Amino acid sequence: MRNRLILAPALAALLSCGSALAEEPTLLPPGGYPAHSCSKPVMPQMPSGVGGSAEALAYNGEVRIYNQRAQVYSKCITDYMNSGNADMARIQTRINEAVTEANAR
């Protein structure tokens, strides 16, 4: 149990420190853990109010598109987090197996 308490923070630190990976031994690919490829949408600017209802309608359309893109972005980030968590769980399982093997008599 003590090994788990030590290895879990070490694993988290290994996966989160990108620049140190080049200096420290790692089993990760060159460049470290892959970054997400999600595109964060840009919120539309509020209308000036000079254009009247046409400007308001156009802005509302831009907001609808932004909201759709924000949902896609949120799902992409959630999928990335879930994949990363699953990868960490697989790594932790392998580490636990190695510790069990090393501690076997």
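The chymotrypsin sites (Phe, Trp or Tyr not before Pro) found in the range 44-78 include none that occupy coil by DSSP while having at most 14 further C-beta atoms within 10 Å.
Between residue 74 and residue 105, the simple spin-label model (points 7 angstrom out along Cα→Cβ) gives 5.5 nm.
Could you compute the FRET efficiency for residue 38 and residue 96, with r as their C-beta to C-beta distance and R0 at 35 Å, rounded to 0.05? Working from the Cβ atoms, E equals 0.70.
Between the listed residues 65, 100, 77, the Cα displaced farthest toward the positive end of the dipole of the range 16-105, a dipole computed from Cβ unit charges relative to the Cα centre, is found at 65.
FYI, it's all coordinate maths here, none of it is from the lab. Remember, predicted model here, so these are calculated numbers, not experimental data. Reconstructed Cβ throughout: ideal geometry from the backbone, glycine too, with neighbour counts over all protein chains shown.
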